[in-house]
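I have placed the structure first, in the form of structure tokens, so that the comments after it can refer back to it.
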Amino acid sequence: MEISDLIGMPYTKEHDCNWLASVATKRAGVNYHNVETPESKDDWPKQFRKVLLEHYKKTKAPKEGDLVVFAIPDGKETGWHCGVVTRPGWMVTTRGTVGVHLARLNNPLWQVTIRGFYEFVA
């Protein structure tokens, strides 16, 4: 999956993890169902979960184009974050201070928050 042109892009409201998942999965040949930006940030986990349940199945053997889903504690409750598997052991993701970057899946920062890998089904 070619993503070198995305690396280094700053994280913004328009270029968040949902946008990145949409672009990266399409490049891997997967028709990612974009989660529409909710009116309220509080609706994001519910909408993201709905898309996962309707279009993805959990997998134990992630491959290029699969989603990596994280639960991120945000102070009052758990938020959601996602990345996309680029090759074995690696993902592309984005976050505030770093922007779009490659990250190892076994990095302790991510390892403790991974909630699963999801393969597109329809």
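Only the coordinates and a few stated rules stand behind these numbers; no lab work does. Computed from a predicted model, the values in this text were never measured in an experiment. Every residue, glycine as well, gets a Cβ built from its backbone with ideal geometry; the counts of neighbours run over all protein chains shown.
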Residues whose placed amide H lies under 5 Å from that of W90, excluding near-sequence neighbours: L105
Could you list, in their original order, any pairs among K13/K60; K26/K58; K13/K63 whose Cα atoms are separated by more than 21 Å? K13/K60; K13/K63
Gained length - V112 relative to V98, 0.36 nm times residue gap less alpha-carbon distance: 3.1 nm
What's the extension gain from K58 to I72 if we count 0.36 nm per residue and subtract their Cα-Cα distance? 3.2 nm
Exposure proxy order (Cβ contacts within 10 Å, fewest to most) of D16, D5: D5, D16
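Using Cβ counts within 10 Å as a stand-in for footprinting exposure, how do T86, T59, T12 rank, fewest first? Each step should come with its number before you reach the end.
On the way: T86 22, T59 15, T12 11.
Lowest to highest Cβ neighbour count: T12, T59, T86.
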